[in-house]
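Data block below; observations after.
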Amino acid sequence: MNTAESKAHSVKERAGYALNNEFLRNAVKFTTERLRLGKKLASEEHGNWDEWRERGRQIRLHTIAHLDYYLNEFAEQARANGAHVHFAETAEEAVALSLQIAEHKSAKSVVKSKSMVSEELHLNKALDSIGVEAVETDLGEYIIQLADETPSHIIIPAIHKNRYQIAELLSEEAGETLPPDTAIMAGFVRMKLREKFLEADIGMTGCNFAIAETGSMVLFENEGNARMVTTVPKTQITLMGMERIIPSWADLEVMATLLPRSATGQKLTVYMSGISGPKRELDADGPDEMHIIIIDNGRSLQLGDPEFQELLNCIRCGACLNACPVYRHIGGHAYGGTYSGPIGAVLTPALNKNVAEWDDIANASSLCGACYEACPVKIPLHDMLVSLRRRKIEAGRGDKLEAMGMKGFSAIMGNAKRYRSVVSLGKWGQKFVVRNGEIRTRIGPLKGWNSYRVTPSLPKQSFRDRWPEMERDIRRTSGQMEPEIANRLKERLQQQKSRKGEDSHG
Amino acid sequence: MESPRGRGVLARDRSIGPYPDDSGVKIMKISLFVTCLSDALFPRVAESMARLLARYGVHLEFPEIQTCCGQPAYNSGYWEDARISARTILDAFEDSDFVVSPSGSCTYMIHHYPDLFKDDPLYLKKAKALQFKSYEFTQFLVDVLGVTDVGAVYPQKVTYHPSCHGSRLLGVKDEPMKLLNQVKGLELVPLPFAEDCCGFGGTFAVKMADISGAMVTEKSDHVLETEATVLVGLDMACLMNIAGNLRHRGEKVQVKHLAELLYEGVSVHEHS
């Protein structure tokens, strides 16, 4: 992301940079395809995927509906385990708490494992401001930190970079030219980070799931760096969004089945750590002091909001990004916030009280529903995007020209006779722009559309113009209904009647 | 079966397919939800559908008060405008026993009506009733009528694009496959990344023209990769988008609604 790109203030502008960046588009396509295929195979192999998605959804719905209860239970248990539990209502509070701990420990350096919530807080910059070095130890995050960028994917932060670009970044850090060979590059980072782990005063992690019944935190990772972060430094800080809770270890079984399969197509993540408090007397390693900072930062705004509460069910697997055909073309930075893709397009405005600044990202979707289909806990993101658009209009922040267009639309479509005369008028009007049955002009609303397409012209007669004659013709020539078909229709009619009272959506 | 509400002799004569019942001949009202796009731009699609269904004794009736399902306004957040348009659909099909449409997306829009009219008791009632009697064309043909072989012959290499709303939200996945598999002479070639959106998305194609353009360009690339001579689908909006891009690039691949392909396949067969 260059300077011009980071300054671009609309989704459209930022997407423009991405669309003109072949490296980025190819890198994003390559990796999302791999992850998408992995997920497809892993969910098929599982055998009862949809049933488990529903289980996951129910666990999340239940937990969020009783979030106050489970948060209390978690905090009590974690304190009983010897951890310090802090609650932060805002990002600023969470940052202040983290800095206080760092200052109290006279920390010079912090090693971090991957945490999206720390990205929300822009914590690395804050630590830097008080002279504490923060080192990302997840390979992808490390690359992003070297490039001074933000993650462009929830689980693959450097998805927008290819290995040649990564080799360049690492060579600069190494002071020598490293070949774009994955094993060599990873070897360099491992060596470099080993020193950082040993000298760090504080280890900082995120939290995939917090288990209320025992006050434990569970981390999923593939590189072993989170295990180092949570065992080597003397002090550990865990940052967790307040919705990360699940009630019990039994519930984790469902989540541990859904998360890795959805994220990368793995049946199990390589390292899964369950952490219940600081080092005990008989433990060989682990931190002497443990802090858990539970962060709201806009999350509680969703509680009690029927259209958005399910957002809190998200387990941050990134499957919706990998499935999204828009993300595929524009990558993560175009979304402008910490979270990208379909979940980011909804979460960023939601966490920010739907302020006007974030109005446009809900438009960066064709509402195809691939996100919903991919989601392991069935969050209806496509419906939420429409809700966001509607709230913008209701708040009076709609585009004036568009609003006029929609008034015109409803004036025409509210009455079939008017609609019919407008179609007739269109047939008359289009003769100025139609050539060989096609419209290629790039004026007005056709500008964007016709830059990539030609538009078909209106035929001489609409369907309703032709229907009276067509119907007479059909009646002359049509067949008799067979008893079997008649019976099927009758049966179906009965079914429909019995369903009438249902409150179904789809 | 209860006697249908408010149905006069005229309606009976004009539009209905009779079938025998224990108590004599009963009447069923099966209506065509043409969709504004098919009505104004692609009349052959609805015609093919009507003629194909008539072969099974299903006589569609066409309530002329229908206009548009309201989806463009609904998806853009203008729900008040969407309601004005959607009421024409709810009024048009109030008395219908079945409603059949050549679009999965417009059919799915009906499933949003209960939400759209949640504060309007009169139309909420109509909305709830309509969602259970509305069908996309292949749903009606395959799932309701039980027809998979329409007797079509179509010796071409064909690829199929599953439109998002029809396949993901309405759940129409197997029905078109069952129909295509029975067409004689037809070679069905799989479309790479078939499930990826073509980039239409209604006003999205205008508001986010470059993202939409990138999506439709990739979709056309995949269509061309198959070397099919015909692309079929179940939604004219998506097909108009893809066809528009193919024409823009000077490509000759034919783009058709499945109803058109099947009806052509039946007609050619019978007239040769």
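General remarks:
- Summed over region A:406-436, residues that are of a type in the set (S, T, N, Q) and open to solvent by less than 40 Å² (accessible area, probe 1.4 Å) total 2.
- Test for A:Cys368: is it at the interface with chain B (Cβ under 8 Å from one of its Cβ atoms) and hydrophobic (A, V, I, L, M, F, W, C): yes
- When the helices (runs of 4 or more DSSP H) confined to region A:294-360 are screened for residues that are out of contact with any Cys (no Cβ under 9 Å at 6 or more places or on another chain), those reaching at least 3 such residues are found at A:325-330, A:341-351.
- Note on region A:332-369: residues that are among the small types (Gly, Ala, Ser) and under 12 Å from the mean Cα position of the chain (by Cα) amount to 6.
- Whether a residue is under 30 Å from A:Ile330 (Cα atoms) and without any contact (Cβ under 8 Å) to a residue 40 or more places away in the chain was assessed, and A:Glu51 does not pass this test.
- Elements of type helices (runs of 4 or more DSSP H) contained in region B:193-269, each with 3 or more residues being hydroxyl-bearing (Ser, Thr, Tyr) and not assigned by TED's automatic domain parsing to the domain that holds B:Ser103: B:209-225
- Count of region B:34-74 residues, restricted to those that are in a helix (DSSP H, G or I), out of contact with any Cys (no Cβ under 7 Å at 6 or more places or on another chain) and either more than 7 Å from every other protein chain (Cβ to nearest Cβ) or buried (at least 24 other Cβ atoms within 10 Å of the Cβ) (or both), is 13.
- Region B:75-91, subset more than 7 Å from every other protein chain (Cβ to nearest Cβ) and open to solvent by 10 Å² or more (accessible area, probe 1.4 Å), residue farthest from A:His382 (Cα to Cα): B:Asp91
- Of the residues making up region A:304-325, those that are over 10 Å from the mean Cα position of the chain (by Cα) and either open to solvent by 10 Å² or more (accessible area, probe 1.4 Å) or closer than 17 Å to B:Cys164 by Cβ (or both) are A:Gly304, A:Asp305, A:Pro306, A:Glu307, A:Gln309, A:Glu310, A:Ala323, A:Pro325.
- Pairs where the first residue, in region A:252-277, is among the aromatic types (Phe, Trp, Tyr) and the second is in a loop (DSSP other than H, G, I, E, B), C-beta under 9 Å, 6+ apart: A:Tyr271/A:Asn222; A:Tyr271/A:Glu223; A:Tyr271/A:Gly224
- Selection count, region A:345-364, where residues are touching a residue at least 40 places away in the same chain (Cβ under 8 Å) and either open to solvent by less than 10 Å² (accessible area, probe 1.4 Å) or not acidic (Asp, Glu) (or both): 11
- Entirely in region A:200-268, the strands (runs of 3 or more DSSP E) that have 2 or more residues that are surrounded by fewer than 19 Cβ atoms within 10 Å (Cβ to Cβ): none
- Elements of type helices (runs of 4 or more DSSP H) contained in region A:412-496, each with 1 or more residues being more than 7 Å from chain B (Cβ to nearest Cβ) and over 44 Å from the mean Cα position of the chain (by Cα): A:416-429, A:463-477
The values are calculated or read from the model by the stated rules, or taken from the named source; none is laboratory data. Predicted model, so just to flag it, every value in this text is computed and none were measured. With ideal geometry, Cβ positions are generated from the backbone for all residues, glycine too; neighbour counts draw on all protein chains shown. Note: accessible area is taken over every heavy atom of the protein model, side chains too, but ligands, DNA and RNA are not part of it. Shrake-Rupley method; radii C 1.70, N 1.55, O 1.52, S 1.80 Å.
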